[in-house]
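Below: the structure, in C-alpha cells.
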Amino acid sequence: MPASDLDQVVNLAKRRGFVYPSAEIYGGFRSSYDYGPLGSLMLRNVKDAWVRTMVQQRDDVLLIDAAILGPPQVFEASGHLENFSDPLVDCTVCKRRFREDQLEARDCPQQRKGCAFTESRAFNLMFRTTAGPVEGTGAEVYMRPETAQGMFVNFANVLQTSRKKPPFGIAQVGKSFRNEITPGNFIFRTREFEQMELEFFVPPSESGKWYEYWCGARLAWYRDLGIPADMLRIREHAADELSHYSAGTSDIEFRFPWGWGELEGVAQRTDFDLNRHSQHSGQRLDYFDQATNERYVPYVVEPAAGANRAMAAFLLAAYDEDEVAGERRTVLRLHPRLAPYQVAVLPLSKKDELGGPAREVFRALSSRYMCDYDETQAIGRRYRRQDEIGTPWCVTVDFDTLTDGAVTIRERDTTRQERVPVASLADELARRLGF
Ligand code: ATP
C-alpha cells in the first residue's frame, strides 16, 4: 500500500536523510528544502533516468545546460514579463496572502473576525535581481522561471552545430525559480525547484501526432519506473486553463494523498516562442528544408516535468509497510534505478577478519553501483534500515565467506536470501538489477 498520508514520507525523509527543511537550525526557510545524503542521490537518479530515456536512448534529442540568469529581453519576448502571474488576494485583517484560483470559497481560510479580501491582482512570479558590481547601478536580470527559454534562444546555435533537422529536440535539466504565493505540500511546490524539459521541434503539420506521442511516452516513463497505473492519469486542459503560448496541453497527474496533482505538462507551444524570439532579436529562427526547398518555423511540443515533484511521487508510491517474521517493517519499494543505493555491503560482524573481504566486495561493486557500507548494529536491524531507504539488494559477508568464497544476497521486496560466489557477484547483481 503506497503512503496514504504525506507525513509518513515527510518523516521518513527527515529521519533517514532524504530531505531536510532548509536552514533548519534557524527555524527553517519558507518552504525551502535541502536534499540530504540519500535525497541528493535519489534526486540525481531521477534526473539521470530522465536523461537516459529522453537523450541517451534516442538519436533525435540533444542536451544543453543554459544560464539561470537572463536579461529582460528574453522574458519580454517569451511573454513572462507580461503574463507569468497568478491572481493574488490579501486578507486586510490577518494579512495573509492567497492564490485566488486555489481558494475554495471567497472567504479567508483563517476565519478571523472581520477577515476580508482585497481585489485580486496579477502577481508576477519571476524573481528579479541586479547583476553588476556597484549597488543600485547594476543591470536588471531575472532568474529563469522555466528552463524552456534556454532551448529557444539556443535553437539556431544547436541547429547549426548539430546539423539535425526537425523532428528533433533540445533537452535540459536544471533549476528554475518562481515566487510562488503559496508554496507547500512538502517538495511539491517550492520557490526553487528543478525541471526536466524537452522542446521538440517538428514540421507544423506533425505537431498533433507528436503531441499524442509525447503524452504516451511520458506516461510510460513514470510507469516503467514503478508508479502503479491507478496512481497516474492524463488530464487535458480546458480552453480557459491554457497558458498564453499553448494550443493544447495535457497534464500527467499523480494521485497525491491530498488529491490529483500535476507531475508534468505536455504542451503544444506551436511556433509562438521561435516567432517571438525572432521578432524581438531580429534573428532568423527557422528551418530550411533542402529536400522540399521550403523554409518554415518549426512547431514545438514540450513535455515539461519537475524533478522534485517526480521524486515526491516516486517516494509516495514506493512507501509500504508489511510484516516480516512477525515484525512490522517500513519498506521503500523504489525502482533500482531510483534507489539512493543499489547495493549495501554488510559484514556480519565488525571483526577484522570480515572487514577485509567485505571492503574488497565494496571496492569491486562500487565502481559500478552506488553502494552503502554498514557494519554497525545487529544484521536484522541493518536489513530493516536498508529496506526503509529502498536499497534493493544487501550483500552479507559472513564467517563462511572466509572458507567458501561466497556471500549472501538478500532481496528487499521478498527478503529472500541466496548464496552466491564472490567471483560471480557483480554479474549476478547486474542480471538482477537489469543494468
Ligand atoms: P502548477 O500548476 O502546479 O503551478 P505549472 O503548470 O505552472 O504548475 P509548468 O509551468 O507546466 O507548471 O512546469 C512544468 C513542471 O515543473 C510542473 O509539472 C512541475 O512538475 C514543475 N514545477 C512547476 N512549478 C513548480 C514548483 N513551484 N515547485 C516544484 N515543481 C514545480
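The values are calculated or read from the model by the stated rules, or taken from the named source; none is laboratory data. Being a predicted model, the structure only gives us computed values, none of them experimental. Glycine also receives a Cβ, built like all others from the backbone with ideal geometry; neighbour counts cover every protein chain displayed.
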From the option list 149, 172, single residue qualifying as within 13 Å of the ligand (Cβ to nearest atom), crowded, with 19+ Cβ neighbours inside 10 Å and not in a strand (DSSP E or B) is 149
Report task. Considering every residue within region 130-142, establish whether at least one is closer than 26 Å to residue 46 by Cα and within 16 Å of the ligand (Cβ to nearest atom). Result -> no
When every residue in region 182-213 that is over 14 Å from the mean Cα position of the chain (by Cα) and crowded, with 20+ Cβ neighbours inside 10 Å is compared, the one nearest to residue 248 (Cα to Cα) is 211
Taking residue 189 as the residue in question, decide whether it is within 15 Å of the ligand (Cβ to nearest atom) and of a type in the set (Lys, Arg). yes
When restricted to 284, 269, the only residue within 24 Å of residue 164 (Cβ to Cβ) and in contact with a strand residue (DSSP E or B) (Cβ under 8 Å, 6 or more places away or on another chain) is 269
Taking region 11-30 and keeping only residues that are closer than 16 Å to residue 390 by Cβ, surrounded by 15 or more Cβ atoms within 10 Å (Cβ to Cβ) and either of a type in the set (S, T, N, Q) or in contact (Cβ under 8 Å) with a residue 24 or more places away in the chain (or both), one is left with 12, 13, 16, 18, 19
Original post:
Taking the stated definitions as given, is residue 288 aromatic (Phe, Trp, Tyr) and within 15 Å of the ligand (Cβ to nearest atom)?
Top reply: no
Counting only residues in region 113-158 that are of a type in the set (Asp, Glu) and at pLDDT below 90, the one nearest to residue 89 (Cα to Cα) is identified as 119
Checked pairs for region 238-259, first closer than 19 Å to residue 101 by Cα and in contact (Cβ under 8 Å) with a residue 40 or more places away in the chain, second assigned to a loop (DSSP other than H, G, I, E, B) and away from the ligand (no atom under 11 Å from the Cβ), C-beta under 7 Å and 6 or more apart or across chains, list as 244/79
Within region 175-206, residues part of a helix (DSSP H, G or I) and touching a residue at least 12 places away in the same chain (Cβ under 8 Å) come out as 204, 206
Counted residues in region 270-296 being on the phi > 0 side of the Ramachandran plot and touching a Ser or Thr at 6+ places or on another chain (Cβ under 8 Å) come to 1
- Task: With the condition kept exactly as written, say whether any residue in region 217-237 is among the acidic types (Asp, Glu), within 29 Å of residue 58 (Cβ to Cβ), assigned to a strand (DSSP E or B) and out of contact with any helix residue (DSSP H, G or I) (no Cβ under 8 Å at 6 or more places or on another chain).
- Result: yes
Expected single match for in a strand (DSSP E or B), among the polar types (S, T, N, Q) and either touching a residue at least 40 places away in the same chain (Cβ under 8 Å) or within 14 Å of the ligand (Cβ to nearest atom) (or both) among 279, 268 is 268
Restricting attention to region 299-343, the residues that are within 16 Å of the ligand (Cβ to nearest atom) and in a helix (DSSP H, G or I) number exactly 11
Condition check: closer than 21 Å to residue 52 by Cβ and in contact (Cβ under 8 Å) with a residue 12 or more places away in the chain. Does residue 383 satisfy that? no
